[in-house]
Structures are given as C-alpha cells and as structure tokens.
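Below is one structure, written out as structure tokens; the observations come after it.
The values are calculated or read from the model by the stated rules, or taken from the named source; none is laboratory data. Predicted model only: the values in this text are computed from it and were never measured. Methodologically, a virtual Cβ is constructed for each residue, glycine included, from the backbone with ideal geometry; neighbour enumeration extends over all protein chains shown.
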Amino acid sequence: MSEIIGIGLAAGQGVRCRPLTLKRHGYIRAKAAVRFLGHRVLDWLLHSLQQHDVEDVLMITQGKENRCQVKSIAGYGDSFALRMRYSPICLDHENTGSADALLANLDYFDLQRTAWVFPTDSVVDVNLPAMIQAHQRTGAAVTIASALRTPEQIAHRYGLIECAENHRVNGFIEKPSLEAILLHFSLDDGMRTHPALLDTNAGFYLIDPFVLRGIALHPDIRKMRASHFDIGGDLLPWLVEHGYPIYTFPVHRMGDLGNIPSMLETMLDVLHGQYPEMTPLLGPESPFNAGLFIDPTSLSMTDPISGLSLHAKIINGMVSLRPPLRIGKYVRIFPGATLDECNIDDECDIHEHVTIRRSSVGEGSNIGPFAFLEDAITGMMVDIHSEESAPVSLNHFTAVGDSVSMGPGVTLMDHITVYPQVSIPAFSCLSGQCQIDTFSTQNSHLQMSLPLGSRDA
C-alpha cells in the first residue's frame, strides 16, 4: 500500500452543503473543513488513509483561502504520520475542473505510481487492497469505486454506470429519472424489469498515471481542458468512448456529505457501525449501553437545575439517551432531555425537556428548554431561545449556520437553510425550500434566495 499515492480533491465551494460551508456571509469554508461527528471531514479521510498504510498524499486545492484552510488542518502530514504536499498555487487558479487539475498535477509532480483519488465531501467503506488487486488484474486506466443503489435511490440524485458482466464500463447516464432507468432496462416485450441494484459513481478512483498523462495532449482533451473538464462528467466518458479500459469495483457503503439529507443519513450509518474504520474516532463507548459514545468530561458535568452530573441523571432515569448517539466534551445535559440517534458536539448546553432526534448540534450551541429538533443540523455557536410556553421547532432537513440566534416560538421546516449570523425573531414560522440570508427584527424584512423550482416560503 505504500506504493499508492493519495490525491485529495479539496477544491470546490461546497454549494450543496451550505450553510455548513459558510463561516459567515461571503466567507466560504472548505468542504474538507466542515465538521462531521466532532471531526473535520478531512480528519476522517486522512484517518482512513492511515488505516490503509497510504503514506504519501497530494491535496489539490483552488485559491489561496481554500489552500490555507486545508493546510491548517493537515499541515505537511506530520500529525497523521503522512507525507503531505499541495498543488502549486500557479496551477490552482488556472484549472478548469477536477480532471484538468488532476492532469496538471500528475505532470507537475511527475507522478508515476497508482493513485487513489478521493473527494473531500464523502466517506467510503471499501476494501482498498482488493480494489488495487482488481485494478492491476484488469489493467484498468481507471477503476471507479461503485456504490450499489436501487433505481429509486438513484433517480435524479446519482449518475448511473452501465457495466458489462465483467464490470467493464460501457457508458454513463447522468442523474436519470426513475422512468428513464426503468425504460433503459425494459425487455423487448415491454415488461419493465431491472436489476435490484445498479452501479453509481462514488467519486473515488484508482488511476493509472501513465495512461492519463499520455492523453493529456490529445486534441480533444486539450479542447475540453480549455473550458471545463471534470473527472465524472468529461474525462471518464471520453475514456470509455475511446476504448480505454474503465472498470468498477463495488464498495460496501458510500456516504455523501455534500448535502444536508445525505449528511444526516451518513451520520446515522456511522453511529450504527456501518463504517467500521470510523468507529474508533467516535470516542469512548459508555458503560451504560452499547452505542452511547459519551466523552468522560460530559459524564461529570452538572447542570444548575438538578445539580447532578450526567452520570447520576442517567442512573436515576432523569434523561433519555437512546443509542446510537455521540456526546462530545464538556456538554451539559439538563433533566428531562431526550436524545435519540443524534450527535452533540463539544461544549453545548442541552436544556430541560429538549428533544433531539436524528440531528446534529454544532460546537458551543445553546438549545433552550422544550426545543424540538428532528432531522436537523446546526452549525457552531447557535443560540436557540426556546421556552416552555413558546418552544422552538426545527425539523425535516432544516440546516442552521454558525452563530444563528432564534427567538422563542420559531418554527423552521422543510429544507429551510439559515445562513450564518442571522437573527430570527420570535414566533417566525417558515417552511419550504429556501435560503435565509438576512432577517431584520427592526423592519421585519426577510431576504431569501429561492432555488429554481422550489416552493415559496
């Protein structure tokens, strides 16, 4: 495995994962720096490389700010026992997409070893040694880590890979509708039948650098690189069309962290042990129940109402903790709180009779009494001023950015996205797919940008 080099694709603005990729309005946080279960996404990925004994890593960034953020996490790899280097600034601002950046850096660093190319907004559970063996056995130019999904899961969300029985790729269908998938696999007699599981591109690849460097000067490639040239949408289809051997290799599981519903789904999978490599980073498992990952500092924290530690409240049945869940460092859990399949990051206050289900609460957040969070994510330092007579409710894939403040009685639901540092006045009720940029209590004026095709809020 030491003969493999890892290449991380850390550029990109993380638009799908906003507001978590925004530290404040106009300031873009690198996707690799987004927090996930108490760690930055890049921490999880570098931990995976350590587990597979990959020692050499190249991070491809874009722009000075993106580069500085990624470098502040990983440095030169010393703390991860890796050798880290970064794409040169002179190439970063010129690349026209992930494939263009990849080809440019293969040439710049004269890379000749098989490379494991990975995104920084996804996690994967894959038998990498077996994938390398398959890559070498088939002589593939690229081996695509393939996540197997049902047609219903694929429709409108993922690119479909058409494969022969030997896993050689014949073509791609970009985010097809369910009807298009069923029609594609229809038999001649009109009966709609299809395989139970189909190949989708997980975004992780093994590549042969000799093949890719050899095509860099092809007229077609040069023309595409001059405008827009990505791996999944441009490079791979071109390689297949020109007869290069492209194969798939199935992964056990792939978690997309690029949007809020997928991030919550992946969080639950990790908590349920579906990514064995990631379990050790969840923290110590509580002796009370399997699947409770509670930092010892939080077990000893007392609240001002009962004066009891979390340890004592658990023993006395004063809180309800339903595994699996993770609680970080120095978290205060007040009496009557219900935590169900969720993540609470460091230094949060979860007040009395709060209910949190299938949600993640960011570091330093204050969740007031009787608040209700279900299928929601908050950033860091969020302040929810919930009250018994006017509880706050966040549900159905609501995402709240850093340092947001909410008054009593606020209800947000149905894919509402709140940008950082916004104050939402008491008793506001908003639903529908929209992004809240500003909300002024002085003039009660709400500014929001509505994605194309979304409902009015």
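Cβ-Cβ below 7 Å, separation at least six or inter-chain, first residue in region 94-109 and in contact (Cβ under 8 Å) with a residue 40 or more places away in the chain and outside the structural domain of residue 216 (by TED's automatic domain parsing), second surrounded by fewer than 22 Cβ atoms within 10 Å (Cβ to Cβ) and part of a helix (DSSP H, G or I): which pairs? Within 7 Å, no pair qualifies. May I ask you to list the residues in region 293-321 that are surrounded by 20 or more Cβ atoms within 10 Å (Cβ to Cβ) and either outside the structural domain of residue 350 (by TED's automatic domain parsing) or not in a loop (DSSP other than H, G, I, E, B) (or both)? Scanning region 293-321 gives 293, 294, 298, 299, 310, 313, 314, 321.
When residue 153 is tested against the conditions (1) touching a residue at least 24 places away in the same chain (Cβ under 8 Å); (2) assigned to a helix (DSSP H, G or I); (3) under 25 Å from the mean Cα position of the chain (by Cα), the lone failure is (1).
Table: residues versus (1) closer than 18 Å to residue 267 by Cβ; (2) of a type in the set (A, V, I, L, M, F, W, C); (3) within 26 Å of the chain's Cα centre (by Cα).
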position: 291; (1), (2), (3): yes, no, yes
position: 296; (1), (2), (3): no, no, no
position: 304; (1), (2), (3): no, no, no
position: 330; (1), (2), (3): no, no, yes
position: 352; (1), (2), (3): no, no, no
position: 377; (1), (2), (3): yes, yes, yes
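Among the residues of region 331-387, those that are part of a loop (DSSP other than H, G, I, E, B), without any contact (Cβ under 8 Å) to a residue 60 or more places away in the chain, over 23 Å from residue 317 (Cβ atoms) and of a type in the set (Asp, Glu) comprise 347, 387. What about residue 203, is it outside any loop (DSSP other than H, G, I, E, B), in contact with a helix residue (DSSP H, G or I) (Cβ under 8 Å, 6 or more places away or on another chain), modelled with pLDDT under 90 and in the same structural domain as residue 58 (by TED's automatic domain parsing)? Judged against the criteria, residue 203 is a match.
Inside region 158-178, can you point out the residues that are more than 20 Å from residue 205 (Cβ to Cβ) and free of Cβ contacts under 8 Å to residues at least 24 places away in the same chain? If the condition is that a residue be more than 20 Å from residue 205 (Cβ to Cβ) and free of Cβ contacts under 8 Å to residues at least 24 places away in the same chain, then 165, 176, 177 are the ones that fit. Filtered by the rule that a residue be among the acidic types (Asp, Glu) and more than 23 Å from the chain's Cα centre (by Cα), region 64-79 gives a lone residue, 78. Across region 80-93, a minimum of one residue is classified as touching a residue at least 40 places away in the same chain (Cβ under 8 Å), assigned to a helix (DSSP H, G or I) and either over 24 Å from the mean Cα position of the chain (by Cα) or under 20 Å from residue 212 (Cα atoms) (or both).
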